[in-house]
Each structure stands twice: as structure tokens, then as C-alpha cells.
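Chemist: One structure, pasted below without further comment.
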Amino acid sequence: MNSMARACSMVVNLLFPRGCAGCDKPDEVLCEACRALFSQPTAQSFDGVAMQRWFACGWYHGTVRRAVLAWKDHGDEECDRAFADAICALAKASGVIDFVRDRHGSCHDVVVVVPAPSSPASIRRRGRKHMMPIAKHLAGFLREETGCEVTVRDALENRGVKGKSVQTSGAAQRSQRLKGHVSVCPSVSLRNTMVILVDDIVTTGATMRSCVETMRKEGATVVTVLALAHTPAGTQKVGPTQAWSRTQVQ
Ligand SMILES: O=P(O)(O)OC[C@H]1O[C@@H](O)[C@H](O)[C@@H]1O
């Protein structure tokens, strides 16, 4: 959102107090019931990352979808904190904290949180990099919980592909379209880092895989991927060795 849009939105909020981003309950940013939907962590296998699994806070449908879209595409920046908290809780539930604490110091010096990149057109439309506040909050949380040095690096760029993932028929097609479009920024080094990738939604998994592959080529160890929401598993498979198996995280 640009500054004019932000000012207008503040005025509108003053005149018409907001409702919950998920269900419209009055005077809530994200009500307790809707927050709870972002607290249903799942794990899916992925041998490209050190933990062998990636994780999501909730399932991308209904209320979760509505709240994510309000935040991501309709400028509801007040959700930043609620979603950042959900990702931090996911980091804890998934074992990321223990993993980082145990591995840190063995061979990798710096722990880095990297937000998945949006295309330049999306960044312009939104007026910001919407994953950045989440990444920053997670880095602070990991610092506190692990005692390790944890930084945020805006390491990836996505030169953009035409159309949205929902307009493609599946992971293979999406993956093909993304080829060569995600890269590590020339000014950023990821050598000898332990990376945690954060993204809002995982649909086919093509973006996540492309980001992980690109960072690994640049010398990073990618610990895992943490996402706010995922589409149902089992319907999208990139290849026989990359089939997703969805399990509930206790
Ligand atoms: O690549 P897949 O998983 O299909 O789609 C998810 C990506 O598409 C974007 O809108 C999301 O922000 C995410 O980065």
C-alpha cells in the first residue's frame, strides 16, 4: 500500500471499526477462533531440506484463505503480528528451534531467515514485501529461543512469471514456468548459512522447491520451510520421489 492508500485506510478504520480478517467479528484483527485455525500445524516430506520436512500453520481454505488474502492482497497490515506469532509457534511445534540449537556451531556460523520472494509486479501492487515483517519477527524469536545469531536476509529475487499459480494446471507446469526466475541476489552471500525459508502459501510447492534449490546451489543449508498455509496434500505431486505425505504435528 502506498502512503496515500495507507492514510485512507486509517481514516476508514476510524470511521468504520474493523472486523476480524477471517470472520468479520467486530473489533478484532484476527479473533481467537480464527487464530486457532492457524494453529493446526502439518508436516509434509521434502528431502531437499535438512529436516526432511516442511511445515504449515493451517490449511488454505475457507476462513484461513480469507484472512490470508485480506492481509496479503487487500492491505490488512494489522494481521502482520498475528501471522508472525503463528509462524513462531510453528517453529516451536515443528522442532526447528531444537534443530537450530543442536546444529548451530557445528559447521554453520549464521542462521538466516529468508522470505520467499514476490514478483516485482506484486511488490509494486502491495506497496511492500509482505513477508518481511513475518521474517523479522521470526528471526527475533529464534534469537531469543536459541541464543544463536539469527538474521533476516532478503536474499532471493523472483523476476516474475505471468499469471498466478492457481491459473496453472499443476506442479510440473508451475515448476516449468518458474525455471530461472528465482535467483539469489548478487549482493547476498549464503555460503555457510543455515537458512529457514518462510512463505505465505504453498500451493503446488514449485516456488518453495525453486527457492530451496537456488539457495542450496549458493552454499546454504536449508533447514526447512515454514508456511502460513498450504493447499490440501496429495493432489499435487512434482515427481515420484517428491510426493507429499501430510502428517499432523503434535
Ligand atoms: O509455487 P506454489 O506453491 O504453486 O504457489 C505458492 C506461491 O505463489 C504465491 O502466490 C505465494 O506467495 C507462494 O509464494
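The values are calculated or read from the model by the stated rules, or taken from the named source; none is laboratory data. Being a predicted model, the structure only gives us computed values, none of them experimental. Note that each Cβ is placed from the backbone with ideal geometry, even for glycine, and that neighbours are counted across all protein chains shown.
Chemist: Only one of (1) touching a Lys or Arg at 6+ places or on another chain (Cβ under 8 Å); (2) assigned to a helix (DSSP H, G or I); (3) away from the ligand (no atom under 16 Å from the Cβ) fails for residue 142. Which number is that?
Modeler: All conditions are met except number (1).
Chemist: Which of the residues that make up region 1-40 are β-branched (Val, Ile, Thr) and touching a residue at least 12 places away in the same chain (Cβ under 8 Å)?
Modeler: 29
Chemist: Still on this model: Of the residues in region 1-42, how many are at pLDDT 95 or above and among the hydrophobic types (A, V, I, L, M, F, W, C)?
Modeler: The number of residues fulfilling the criteria is 11.
Chemist: Is it the case, given these coordinates, that residue 64 is among the hydrophobic types (A, V, I, L, M, F, W, C) and under 19 Å from residue 20 (Cα atoms)?
Modeler: Details: among the hydrophobic types (A, V, I, L, M, F, W, C): yes; under 19 Å from residue 20 (Cα atoms): yes.
Against the criterion (among the hydrophobic types (A, V, I, L, M, F, W, C) and under 19 Å from residue 20 (Cα atoms)), residue 64 qualifies.
Chemist: Between 20, 88, 79, which is farther than 19 Å from residue 133 by Cα and among the hydrophobic types (A, V, I, L, M, F, W, C)?
Modeler: From the options 20, 88, 79, the qualifying one is 20.
Chemist: Would you check which residues across region 170-207 are assigned to a helix (DSSP H, G or I) and buried (at least 23 other Cβ atoms within 10 Å of the Cβ) and list them? Break it down stepwise before answering.
Modeler: So the first thing to find is which residues in region 170-207 are assigned to a helix (DSSP H, G or I), and the list is 171-178, 206-207.
Of everything in region 170-207, those that are assigned to a helix (DSSP H, G or I) and buried (at least 23 other Cβ atoms within 10 Å of the Cβ) turn out to be 174, 206, 207.
Chemist: Any chance region 152-167 includes a residue that's in a helix (DSSP H, G or I), in contact (Cβ under 8 Å) with a residue 24 or more places away in the chain and among the β-branched types (Val, Ile, Thr)?
Modeler: Yes, some residue in region 152-167 is in a helix (DSSP H, G or I), in contact (Cβ under 8 Å) with a residue 24 or more places away in the chain and among the β-branched types (Val, Ile, Thr).
Chemist: Pick out the one residue from 116, 89, 33 that is more than 24 Å from residue 5 (Cα to Cα), more than 16 Å from the ligand (Cβ to nearest atom), of a type in the set (A, V, I, L, M, F, W, C) and under 17 Å from the mean Cα position of the chain (by Cα).
Modeler: On the way: 116 fails: more than 16 Å from the ligand (Cβ to nearest atom); 33 fails: under 17 Å from the mean Cα position of the chain (by Cα).
The conditions single out 89.
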